[in-house]
Amino acid sequence: WNRDTLLIVDEHWKLFRKATPAPDRFPSLQPLSDFSWWSDEYKGPRVIFTGISHAKYEMTYLDECYRHNSVIFVDPLQKDAFSRLLERHPRLDGEDIREQVLEITDRVPGELTRLARFIEDEPDPITTNTLEEFMTSWANDLKEIAKEYYYKLDSNRQRNFYDVLLKTFLGNTSTADLDWAS
């Protein structure tokens with residue numbers, strides 16, 4: 001765990017085959033191209049899969065206790081595949097909230113799992129208000145994760161992280177008040 005290790009299984013050539021590789025097109029993926037982005041406190045292995053090969057790896061090599069925290073699905077599923085997955089969560093598959101669930105999760109299985117955990121103790125029926133509460137809660141969680149990461153960085157990396165956040169969410173690097181970063 002004390003080394004930088006990155007394994008990218010780009011099964012469908014989604015990251016690097018195009019004329020402009022994904023890390024050059026999306027600043028948030030830049031760490032995939034350069035180990036120097038990983039400072040000492042973030043050492044450890046990372047495995048990135050862009051296709052379905054993760055299933056065999058996950059089932060063969062990962063202990064059950066690590067799967068839920070170690071495997072994050074970040075790619076949207078095809079609409080029909082996600083619909084079949086959504087059917088396994090009948091509380092989220094109601095006609096009145098289905099479109100909002102699709103919008104919130106962006107058809108990413110990990111986001112559906114997070115939403116399903118959030119509503120476990122919520123009374124039936126699940127309403128749009130419950131989904132809005134989830135969005136607020138998830139936004140606050142992401143803010144805390146970003147803050148924690150930001151404060152662990154040196155000042156140069158803090159500025160770079162701040163600029164990447166602005167570019168990613170605002171489309172430019174003009175000044176914005178993140179109330180915890182500047």
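The values are calculated or read from the model by the stated rules, or taken from the named source; none is laboratory data. Keep in mind that this is a model prediction, so the values were computed, not measured. Every residue, glycine among them, receives a Cβ derived from its backbone with ideal geometry; neighbour counts consider all protein chains shown.
Considering the conditions (1) more than 15 Å from the chain's Cα centre (by Cα); (2) in a helix (DSSP H, G or I); (3) not basic (K, R), E144 is excluded by exactly one of them, (1). Look at (1) over 29 Å from D163 (Cβ atoms); (2) at pLDDT 60 or above and you find that S33 fails only one, number (1).
Within the set of pairs 6 or more residues apart or between chains, which connect a residue that is assigned to a helix (DSSP H, G or I) inside region 155-166 to a residue that is among the β-branched types (V, I, T) with Cβ atoms less than 6 Å apart? Going by the 6 Å Cβ cut-off, the qualifying pairs are D163/T173; L166/T173. Filtering region 151-161 to residues that are in contact with a helix residue (DSSP H, G or I) (Cβ under 9 Å, 6 or more places away or on another chain) and either within 28 Å of E103 (Cα to Cα) or basic (K, R) (or both) leaves K152, R157, F161.
Give me the residue from region 93-111 that is among the charged types (D, E, K, R) and assigned to a helix (DSSP H, G or I) and, out of that set, surrounded by the most Cβ atoms within 10 Å (Cβ to Cβ). For region 93-111, the residue satisfying everything is E111.
Looking at E64, E148, E144, E133, can you tell me which residue is of a type outside the set (A, V, I, L, M) and modelled with pLDDT of 85 or more?
Numbers: E64 fails: modelled with pLDDT of 85 or more; E148 fails: modelled with pLDDT of 85 or more; E144 fails: modelled with pLDDT of 85 or more.
None of the others qualify; the one that does is E133.
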